[in-house]
1. Pick from B:294, B:105, B:401: which is most flexible by mean-square fluctuation in a GNM of chain B where alpha carbon atoms under 10 Å apart are linked?
2. Roughly how tilted is helix B:198-210, in degrees to the nearest 10 and between 0 and 90, from the longest Cα axis of chain B?
3. Among C:193, C:95, C:263, which one shows the biggest mean-square fluctuation in a GNM of chain C, springs joining Cα atoms closer than 10 Å?
4. For the peptides B:312-318, A:264-270, what is the packing order when you average, over each peptide's residues, the other Cβ atoms within 10 Å and list the highest mean first?
5. Give me the percent of Cα-Cα pairs in chain A that sit more than 29 Å apart, rounded to a whole number.
6. To the nearest whole number, what is the average tally of beta carbon atoms from other chains within 10 Å of the beta carbons of peptide C:119-129?
7. Normalising by the residue count of the stretch C:2-251, find the relative contact order in percent from Cα pairs under 8 Å and 6+ residues apart.
8. Using alpha-carbon positions, what is the distance between the centroids of the stretch B:245-260 and the stretch A:35-77, in Å?
């Protein structure tokens, strides 16, 4: 039995870690909710974004938080182009083809990274990397606290985008009823590309906020893909608030699972939830389309 | 890079490209593939199979660099003199981190004519490659793979110049005992943090058994996944159990995260004594995290800091921009050990080379090993050393004859 | 019937190959091709004929592999018994996953994701459980001999995988020509309509997944006996799941020969890229991924679709 005294810090830690996961999942849920694509390339694109943050820091001295101005836009562009010119070309065909295309993309991106960036581990050190915030008896690393608020802000921004802007309305229309949307003059291909772009732009934000707590290697994306999928399913495909809450829940489950079952076996909690949600409430906690 | 490094199977490549271009499914009814006689001088072909892509790509690349360095150095010094100065030729392959691909690459090399293979890095891959090589009695030296099973299968062709985790764990415990006693035995409890796969689990198992024998109680063993994204919970558990010693056995990335997190959570043990710690005796780690690295001890592969050969090689490697990590010098030595055997055998005949590998007493390794003596393919002279990061540099603290500094234990707060 | 003739003829030719091919490398390549074709056909049975896409076929593969390994190493039983037990265990896992998933009406991407989750759960469990060797894995002792289901020559392994693949392809052919298969495909095409016609969709889909799982498990038994080493990552990791679906989709999903076509194509592709770009880490795999994308973009029905598309085009031109 783990010590009672570490239970609360563990839960708080789970919440901050979960916020990081939620950041990765936000983009994925948008992509799934609108395009119905299971984006296998999500992990490699996160990795690409992390390298972007690294090179900005090392090459231009731009810190990860300053990079928040650049990275989301750069990643948005990458996402838009990918959807418009690669993935979109396969979308008129069948579901399994899109799957293969994103799978192929993830192989290409990861291995180009191995070739160009080599496989050594890169980190970005910031002066506050080791700072902690004391809260309710727990030492919460400052970068993770910042990431927590960053996740909240990003989810809020996405919600505003979806509900209060023209683009958001178009995206929701296309997600609900593609043919009808086309009939009223919405450029569906453009909307798809915008959605994918925004989803990948979120990865740019995630990378900036994740980098101070983590590292980057070409394989780093693998560790986040399954967790991101779980959160998307848990929160409800297409729901941002759901992804946020789902992320926090999964973070806490991972923490507590690690405490009670051991860090290795404890991972099972995540997948147990995944399975249970799929079986009993597949629309997720806040399930409804975007 | 040395330009006598070529891809294997010029013949196979040409054939396959033509086949692929003309028709799919060309793999029917062909007896072997045409052997094109090469109008070149005879070279001694050494296969280097490493995971240069995939999860352990960094280590695989370091291994490959070490092997290539050895080949380059040997060729510069005149090649294999007993074969008329024949040059060593590196035949490279990527196992992608998968045992089955490693084995397939072995088969390809054997077919194309290979005189010896140095492979795997990971134990799982080394098991597969050496087994495949055994089918053609091709000499195979395992570079790093520490699982003891590698040399316990009765395969005559399989050799390992470095130590296995049985020896490493025993050495680690013996030296920990010395360090502890020398400081008045302040360490009574320990917690083992290990990665979940072969080397971590195997090492942890052995440590768990042996530590009580030297008066140290293992209060907890934490196994974690690869990759682990966050170590805060583990740090919290360490804090709550408050062991005197933390004993990590992990890969580089996880070690770095753990070390960082221990600092953030203000965990202050009496000592951190890793066994095959992924970063603890790694120049990159020490350079990038000098504060977190200071005073960390590691029982790991290391070179002899008093050997000119070793220091010379270290300089060469660093001049190439490499961090001089264990993957580099272990693979270097595996290749050099093999080359020495070929030299002594005076031929590339497989049986002769295997016999030469088995009775080798090669000593130009620059390692803190006792005299080389091969028993069942394992170099029984091989041993790890204990290092400690002191004033930003990695010093050897045990065995005494190779030590460059005295241990500082317990860690000053 | 014509398909059966082609199938049998093809396998007779394949079976005769080791007599003419002495090269270990070629034999190894052929073994790998048949192995992957087996994996692919197993997946194809569920996905192509049954319409259920799984991302977690490693769950069945790994169970078969661990089955034969554990029985030999921990219980000292003959691997032939291990083969039967492994395949049966894989079938049971398939039955469980299928029962749970279909009972709750999971389809499409939900079904795919749940299979992925189950495979991960098995991987995590096998990492913690002592009888699978946990993180250390299982090493099967090297003892060539038919009694140990190991062979001294590659040809022996080749015929083993050849027999397994033949069984899987015959099963797929049988699906095309049996009432069960017809029902399975009816459920695939329109589950509600099939139900309305009195087909128990649940039982049919369950049968499909068990059949599919058994063949994946069979592939797992082969892997264990050929490489003699397993760990949770090898057995239940995503690599096998990806390989299982890659091959039939490229070759032509729902077709009899698709998995074989896909296996051959992908193998040749990976060999060529490795041979030409082999030395620089990453380049060959990046090109492999790129070609994959290109294949999918230009051949949406997979390679088997090539023949069909041109035939149709030919016919429509004639009638125009």
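Bear in mind that the values in this text are calculations on the coordinates, not laboratory data. These figures come from a predicted structure and were not determined experimentally. Ideal geometry is used to build each Cβ from the backbone, glycine not excepted, and the neighbour counts take in all protein chains shown.
1. Among B:294, B:105, B:401, the largest GNM mean-square fluctuation belongs to B:401.
2. 40 degrees
3. Per the Cα network of chain C with a 10 Å cutoff, C:193 tops the list.
4. Ranked by mean Cβ neighbours within 10 Å, highest first: A:264-270, B:312-318.
5. Pairs farther apart than 29 Å: 32 percent.
6. 5
7. About 40 percent, as a whole number.
8. 27 Å
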